[in-house]
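Participant: The structure is given below, and queries will be raised subsequently.
The values are calculated or read from the model by the stated rules, or taken from the named source; none is laboratory data. The model shown is predicted, which means the values in this text are computed figures rather than measured ones. All Cβ positions, even for glycine, are placed from backbone atoms using ideal geometry, and neighbour counts span all protein chains on display. All accessible areas refer to the heavy atoms of the entire protein, side chains included, with ligands and DNA or RNA removed. Shrake-Rupley method; radii C 1.70, N 1.55, O 1.52, S 1.80 Å.
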Amino acid sequence: MNAYLQRCRNVLKSSINKIAVIGNESCDLDSAVSAIAFAFHLQHSPKLLSPWYKPDTIVYPVLNVTRAELPLKTEVTFFLKRQGIALDELICRDDIDWPTEQALNVVLVDHHVSSLNQNIVGIVDHRPVEAAARFNPNAFKTIELVGSCATLVGRQLFSDGISPEEREGYNVALGLLYAAIVLDTVNFSKEADKAKPLDYDTAERIESQLQITEQVRSLHREQLFKSLVDARSDVSELNAYQLLLKDLKIISQNDRTVAVPGFPMAVQEYIKLPEWREHLNRFATSTESNVVILLGMKVHPDGSVRRDVGIIPIDGTPLAEKIIAALHACQEMNFELEEIPCSENGTFYQQHNLKASRKQLIPIVKNVLSTIQ
């Protein structure tokens, strides 16, 4: 795997035919490993890319984060290093001069709407299709509502077949995907209710490939999950500003911007951090946000989950109020919000529906922004 990643970096500036596989801008574990594993697979089994793949083509993964921000993705860097991947060999978003790479073909993983001007030749995603989504009719497309995008990538690897000559690299790729499935499904928690049958099936196929026997499966998953949660929650070296960047989605429409950072802790814990308000204001200025929606998820040692929400108007109190009203009115997904009295500027909620996540929140916010004149 490292030899493949090194080759990708070495040809980055060359004029050979290139295809980039890029995850979403949160660059969480699912997004990062889906990009790495799928790019590796498409390089060695390019059937899906047949209209665009030439004999000298290099398919390379891109982590959708700047090099400086990569250390903020603590569970990503922890697990990649644990799998023996050299972080210096990875390609980050700002390693590419996008304006000069107009001829670059791109595959999106863990999202299906992009601001890139490049030609989108493939999509693998596990979230609901956005109303504004427009697809290249010639691109391959897999969009299914499962617990993890890594599940869909893993299924594709098994469907196309694993090259015996590249078994070592494929085992690393499958190990990466397996970790994301375990983390995204909250270790197949019934309470979180994220896992779908395909998540179970793909995880078990990976376990078989990696020779994780049924006798040790449960313990292996539990230990892996705990190590990933601990790494994700290890924010001891991050200040309140860096936490806002750790797992971030930004939604812009009709000259309004809503930032939606996710935390590996409760929002109520975040707002007790030193100088959190000053850091939030600096963050809002740098992202030009009118509203910031804080999403907290704390995983307790017993595997139980707590979610809470904070909606902070920066210079958009009417917009914040519209988002709050839309959340309460949403019939497709009841977030079961219970307001928490708080002296801080903003509206804070305990979220009792643990199944509702940012995937369900973002379409609601986009719908509100689409109605603004």
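Participant: From a point 7 Å beyond the Cα of residue 3 in the direction of its Cβ, which residues of segment 55-89 have a backbone N at a distance under 16 Å?
Facilitator: Under 16 Å, as judged by backbone N against the label point of residue 3, lie 85-86 of segment 55-89.
Participant: Which whole number in µm²/s is D for segment 240-371 by Stokes-Einstein, with the Kirkwood Rh taken over Cα pairs at 4 °C and 1.567 mPa s? Please report the intermediate quantities before stating the final value.
Facilitator: Numbers: Rh = 14.8 Å.
Rounded, D is 88 µm²/s.
Participant: Hey, another quick one. State to the nearest 20 debye the size of the charge dipole of the chain about its Cα centre, where the only charges are +1 on K and R beta carbons and -1 on D and E beta carbons. The partial results should precede the final answer.
Facilitator: On the way: 38 positive and 47 negative charges, 111 e Å.
Using only the charged Cβ atoms, the result is roughly 540 debye.
Participant: Still on this structure: Any idea which of 229, 239, 289 is furthest toward the positive side of the dipole for segment 216-366, if Lys and Arg beta-carbons carry +1 and Asp and Glu beta-carbons -1?
Facilitator: Of the options given, the answer is 229.
Participant: At R0 = 45 Å, how high is the FRET efficiency between residue 168 and residue 131 if r is their beta carbon distance? Nearest 0.05 is fine. Show your work: numbers first, answer last.
Facilitator: Working: r = 43 Å, r/R0 = 0.96.
Taking R0 as 45 Å, the efficiency between residue 168 and residue 131 is 0.55.
Participant: With a 10 Å radius around each residue's Cβ, average the other Cβ atoms per peptide and rank 40-46, 106-112, highest first. Write out the running numbers ahead of the final one.
Facilitator: Values: 40-46: 21.6, 106-112: 25.0.
So the peptides 40-46, 106-112, ranked by packing, come out 106-112, 40-46.
Participant: Once you have the Cα-Cα distance between residue 191 and residue 16, take 0.36 nm times their residue separation minus that, and quote the gain in nm to one decimal. If you can, show how the numbers build up before the last one.
Facilitator: Working: separation 175, 0.36 × 175 = 63.00 nm, distance 4.89 nm.
This chain segment gains 58.1 nm when fully extended.
Participant: I've got another one for you. Farthest toward the dipole's positive end in the chain, which of 347, 279, 148, given Cβ charges of +1 (Lys, Arg) and -1 (Asp, Glu) about the Cα centre?
Facilitator: Looking along the dipole axis, the top candidate is 148.
Participant: Restricting the count to DSSP beta bridges whose residues both fall in segment 240-371, what percent are antiparallel, rounded to a multiple of 5?
Facilitator: Values: 23 of 27 bridges.
Among the beta bridges of segment 240-371, antiparallel pairing accounts for roughly 85 percent.
Participant: At R0 = 45 Å, how high is the FRET efficiency between residue 342 and residue 100 if r is their beta carbon distance? Nearest 0.05 is fine. List each step's numbers first, then the result.
Facilitator: On the way: r = 48 Å, r/R0 = 1.07.
Rounded to the nearest 0.05, the efficiency is 0.40.
Participant: Counting only protein heavy atoms and a 1.4 Å probe, tell me what percentage of segment 1-233's accessible area is made up of carbon and sulfur. Please report the intermediate quantities before stating the final value.
Facilitator: Working: 4760 of 9810 Å².
Carbon and sulfur: 49 percent of the exposed surface of segment 1-233.
Participant: Do any of 73/226; 196/246; 18/141 go past 23 Å between their Cα atoms, and which? If you can, show how the numbers build up before the last one.
Facilitator: Numbers: 73/226 16 Å; 196/246 27 Å; 18/141 19 Å.
Too far apart for the 23 Å limit: 196/246.
Participant: Also: If you take every DSSP beta bridge whose two residues both sit in the chain, what share of them, in percent to the nearest 5, is antiparallel? Don't skip to the end; give the middle numbers.
Facilitator: Values: 23 of 46 bridges.
Taking every DSSP beta bridge within the chain, about 50 percent pair in antiparallel fashion.
Participant: What net charge is computed for the residues neighbouring residue 127, neighbours being all others with C-beta under 9 Å from the C-beta of residue 127, Lys and Arg scored +1, Asp and Glu -1? Mind dumping the intermediate values first?
Facilitator: Working: positive: 359; negative: 110, 125, 130.
Spelling it out: positives minus negatives among the neighbours equals -2.
Participant: Can you work out the FRET efficiency for the pair residue 300 and residue 56, with r the C-beta to C-beta distance and R0 = 30 Å, to the nearest 0.05?
Facilitator: Details: r = 51 Å, r/R0 = 1.72.
Taking R0 as 30 Å, the efficiency between residue 300 and residue 56 is 0.05.
Participant: While we're on this one: Would you mind calculating the gained length between residue 67 and residue 281 on full extension (0.36 nm times residue separation, minus the Cα-Cα distance), in nm to one decimal? Kindly include the intermediate steps, with their values, before the conclusion.
Facilitator: On the way: separation 214, 0.36 × 214 = 77.04 nm, distance 2.37 nm.
Extending this stretch completely gives an extra 74.7 nm.
Participant: Which of the peptides 356-367, 157-168 is most tightly packed, and how do the rest follow, going by the mean number of other Cβ atoms within 10 Å of each residue? If you can, show how the numbers build up before the last one.
Facilitator: On the way: 356-367: 18.6, 157-168: 13.3.
Order by mean packing, descending: 356-367, 157-168.
Participant: Determine, at each q value in 0.11, 0.14 (inverse angstroms), the log₁₀ of I(q)/I(0) that the Debye formula gives when each Cα of the chain is one equal point scatterer.
Facilitator: Reported log10 I(q)/I(0), two decimals: -0.77, -1.25.
Participant: Whole number in Å², please: accessible area per residue of the chain, 1.4 Å probe, ligands, DNA and RNA not counted. Walk me through the numbers before you get to the answer.
Facilitator: On the way: 16470 Å² over 373 residues.
Value returned for the chain: 44 Å² of accessible area per residue.
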